[in-house]
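Participant: Here it is, the structure, as structure tokens.
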Amino acid sequence: MKKVRPKTSRRRAKLTAGAAVNGQMAPPTLCPLCHRPMIPGPSLDQHHPVPKSRGGCETVMMHKICHRAIHAMLSERELAEEFADFARLRAHPTLAQFIAWVKKRPPEYFDRTRWSKERRFK
Ligand SMILES: [Zn+2]
Ligand SMILES: [Zn+2]
């Protein structure tokens, strides 16, 4: 049976639903990738350590910029099979470069540029 994807903005709906989940007061948390503090607001995003397409339903809060970097550099398959934990992600050579770069940015920093494997972090 073939699944038909409606062309409506499902992504937007998902993001809104996700934002309402974290209503409880939590102590300042550190991003699992870069270990900088996470400031509630638009600089944060939710990541599925096991992609939804593989049955994962757990989410982890992290910086939007760190989240983008992970998905720009690794495929869902690589994430599911080799990089499901953050210790491994931090050991990835390109992500290690990214972490060193992002540590010099303010905790709420994010930009809209497209990430790519070729990007150099200075
Ligand atoms: Zn981060
Ligand atoms: Zn993700």
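The values are calculated or read from the model by the stated rules, or taken from the named source; none is laboratory data. Treat the numbers as computed from the prediction; the structure is a model and nothing was measured. Cβ placement follows ideal geometry from the backbone for every residue including glycine, while neighbour counts extend to all protein chains displayed.
Participant: When the range 60-78 is examined, which residues are found to be touching a helix residue (DSSP H, G or I) at 6+ places or on another chain (Cβ under 7 Å) and either within 16 Å of ligand 1 (Cβ to nearest atom) or modelled with pLDDT of 95 or more (or both)?
Facilitator: Quick first cut of the range 60-78, residues touching a helix residue (DSSP H, G or I) at 6+ places or on another chain (Cβ under 7 Å) only: 65-66, 69-70, 73, 76.
If the condition is that a residue be touching a helix residue (DSSP H, G or I) at 6+ places or on another chain (Cβ under 7 Å) and either within 16 Å of ligand 1 (Cβ to nearest atom) or modelled with pLDDT of 95 or more (or both), then ILE65, CYS66, ALA69, ILE70, MET73 are the ones that fit.
Participant: May I ask you to list pairs of residues, at least six apart or on different chains, whose Cβ atoms are under 6 Å apart, with the first in the range 64-91 being in contact (Cβ under 8 Å) with a residue 24 or more places away in the chain and the second being assigned to a helix (DSSP H, G or I)?
Facilitator: Final answer for the pair search is ALA69/PHE98; MET73/THR94; ALA80/ARG54; LEU89/LEU95.
Participant: Out of curiosity, is ALA19 aliphatic (A, V, I, L, M), modelled with pLDDT under 90 and at negative phi?
Facilitator: On the way: aliphatic (A, V, I, L, M): yes; modelled with pLDDT under 90: yes; at negative phi: yes.
Against the criterion (aliphatic (A, V, I, L, M), modelled with pLDDT under 90 and at negative phi), ALA19 qualifies.
Participant: Follow-up. Find the residue count for the range 35-59, including only residues that are under 13 Å from GLU108 (Cβ atoms) and near ligand 1 (Cβ under 10 Å from one of its atoms). Outline the logic, then answer.
Facilitator: Of the residues in the range 35-59, the ones under 13 Å from GLU108 (Cβ atoms) are 36-45.
Next, only the ones that are near ligand 1 (Cβ under 10 Å from one of its atoms) stay: 36-38, 43-45.
Looking only at that region, the number is 6.
Participant: Can you tell me which residue among PHE98, PHE121 is at pLDDT below 90 and in contact with a Phe, Trp or Tyr (Cβ under 6 Å, 6 or more places away or on another chain)? Before the answer, list the steps.
Facilitator: Working: PHE98 fails: at pLDDT below 90.
Step by step, each of PHE98, PHE121 is checked, and only PHE121 is at pLDDT below 90 and in contact with a Phe, Trp or Tyr (Cβ under 6 Å, 6 or more places away or on another chain).
Participant: Is there a residue in the range 41-58 that is at pLDDT 90 or above, within 15 Å of the chain's Cα centre (by Cα) and loosely packed, with under 15 Cβ neighbours inside 10 Å? Quick ask: steps written out before the conclusion?
Facilitator: Going residue by residue through the range 41-58, those that are at pLDDT 90 or above are 41-47.
Then keep just the ones that are within 15 Å of the chain's Cα centre (by Cα); that gives 41-47.
Then keep just the ones that are loosely packed, with under 15 Cβ neighbours inside 10 Å; that gives 41-42.
Scanning the range 41-58 turns up at least one residue that is at pLDDT 90 or above, within 15 Å of the chain's Cα centre (by Cα) and loosely packed, with under 15 Cβ neighbours inside 10 Å.
Participant: Keeping to the range 35-58, report how many residues are among the small types (Gly, Ala, Ser) and away from ligand 2 (no atom under 12 Å from the Cβ). Break it down into steps so the answer makes sense when it comes.
Facilitator: Going through the range 35-58, the residues among the small types (Gly, Ala, Ser) turn out to be 41, 43, 53, 55-56.
Subset that is away from ligand 2 (no atom under 12 Å from the Cβ): 41, 43, 55.
Of the residues in that region, 3 qualify.
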